[in-house]
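The values are calculated or read from the model by the stated rules, or taken from the named source; none is laboratory data. Here the structure is a predicted model, which is why all the values come from computation and not from measurement. Positions of Cβ are generated from backbone atoms using ideal geometry, with glycine treated the same way; all protein chains shown enter the neighbour counts. Quick note on the areas: whole protein, heavy atoms, side chains included, nothing else; ligands and nucleic acids left out. Shrake-Rupley method; radii C 1.70, N 1.55, O 1.52, S 1.80 Å.
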Amino acid sequence: MKTALSIAGLDPSGGAGLLADIKVFVAHGVYAMGVLTATTSQNTKGLYGMELISPEMISNGIKAIFDDIKVNAIKIGVVPSVDIIKAVADSLKALPECPEVVLDPVMSCKNGDIWLEGESKKAIVEHLFPLASIITPNRFEAKEITGISINSLDDAKKACEKLLSYGTKAVYLKAGDINGVSLDLFYDGKNFVLLDECERLETIHTHGSGCSLSSAIAANIAKGDSYIEAVKKAKNYIFKAIKNAEIIGGGCNPINHFIK
């Protein structure tokens with residue numbers, strides 16, 4: 001059985017973060033593993049608090065897995081401090097052979113509110129981008145990193161080129177609503193691939209969709225898909241999961257991770 005490891009934070013309501021990643025891995029038929037970076041008080045209505053796991057514990061968790069189990073792909077989500085970012089990066093650099101890494105550079109919410117600031121934001125780019133096979137920023141995160149506002153396909157292409165210059169092998173940019181369609185763009189340094197445009201779903205029930213997209217990409221890569229095959233399958237999966245979201249709580253509900 002192929003395996004995938006999530007290095008991410010905990011949403012106790014199960015919509016996002018490590019629990020969501022585990023659900024996605026299971027739904028894709030890969031053996032799911034996780035190393036926790038932070039725990040939160042959170043539900044469908046909001047985020048109310050967060051406590052960080054010690055960098056030493058995170059490093060030891062990563063080491064314990066790789067000392068025993070072959071990992072086919074890694075997904076990295078919330079890494080909320082400079083020390084944690086460095087601990088994850090150093091742990092992966094110490095491996096004899098690091099698997100493919102899908103990095104969701106979590107810096108902002110879907111509404112554009114930036115909650116990861118300053119040195120941590122810089123550290124993700126400096127220490128984790130060069131280790132990443134694919135990064136999956138949304139339009140707000142891409143703007144924070146590159147300074148480029150994304151209002152058109154040309155803007156998205158410029159942002160992808162700038163993002164790639166920081167060391168990652170490929171970029172999956174979630175540009176969001178551009179002229180009434182959901183624009184997702186893939187770039188590997190050679191080719192731009194505009195992923196199939198799909199209807200813009202009018203729904204608030206998208207909690208954890210970004211986390212789940214990156215973990216779906218990682219699961220597909222773990223199973224042997226090329227980067228472009230992995231992102232195409234992941235986009236289709238997330239679209240169906242959002243369209244068929246279940247009502248779990250009273251706020252922004254999670255996607256349906258086990259949609260067929």
What order do Asp184, Asp90 take when sorted by accessible area (1.4 Å probe), most exposed first? Asp90, Asp184
If you work out Cα extents along the principal axes in Å from the coordinates, which of (1) 48, 41, 38; (2) 67, 52, 30; (3) 95, 42, 35 do you get? (1)
GluC sites (Glu not before Pro) within region 167-227: which are DSSP loop residues with at most 14 other Cβ atoms inside 10 Å? Glu197, Glu202
Nearest-10 value in Å² for the accessible area of Met33, using the 1.4 Å probe: 10 Å²
Cα-based radius of gyration of region 14-71 once divided by 2.2 N^0.38 Å, which approximates compact folds: 1.30
Using only the Cα atoms of region 1-130, build the gyration tensor, take square roots of its eigenvalues as a ≥ b ≥ c, and label the shape rounded, prolate or oblate: rounded if a/c is under 1.5, else prolate if a/b is larger than b/c, else oblate. oblate
Can you compute 3J(HN,Hα) from phi for each residue in region 217-227, using the Karplus curve 6.51 cos²θ - 1.76 cosθ + 1.60 with θ = phi - 60°, rounded to whole Hz and x for Gly and Pro? 4, 4, 4, 5, 5, 4, 7, x, 6, 5, 4
Is the C-alpha gyration tensor of region 61-213 telling us rounded, prolate or oblate? Criteria: a/c under 1.5 is rounded; beyond that, a/b larger than b/c is prolate, otherwise oblate. prolate
Given unit charges at Cβ for Lys, Arg (+) and Asp, Glu (-), the dipole magnitude of the chain about its Cα centre in debye, nearest 20, is 480 debye
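Taking all protein chains as present, what is the carbon and sulfur share of the accessible area of region 42-102, in % to the nearest whole number, probe 1.4 Å?
It is 50 percent, rounded to a whole number.
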Links that overshoot a 24 Å alpha carbon limit, given the list Lys23/Lys157; Lys2/Lys169; Lys121/Lys158: Lys23/Lys157
Rank these by accessible area, largest first, 1.4 Å probe: Ile248, Ile145. Ile248, Ile145
Between the alpha-carbon centers of region 166-235 and region 1-56, tell me the distance in whole angstrom. 20 Å
Residues whose modelled amide H sits under 5 Å from the amide H of Met50, counting only those 5 or more places away in sequence or on another chain, are Ser41
Percent relative contact order of the chain, based on C-alpha pairs within less than 8 angstrom and at least six residues apart? 20 percent
Over the chain, the sum of -39500 (n - 2.57) across DSSP H runs of at least four, divided by residue number and rounded to 500 deg cm²/dmol, gives at 222 nm -11000 deg cm²/dmol
Most mobile listed residue (Leu128, Leu92, Leu201) in the chain, GNM with C-alpha springs under 10 Å: Leu201
I'd like the per residue volume of the convex hull spanned by the Cα atoms of region 124-167, given in cubic angstrom. 63 Å³
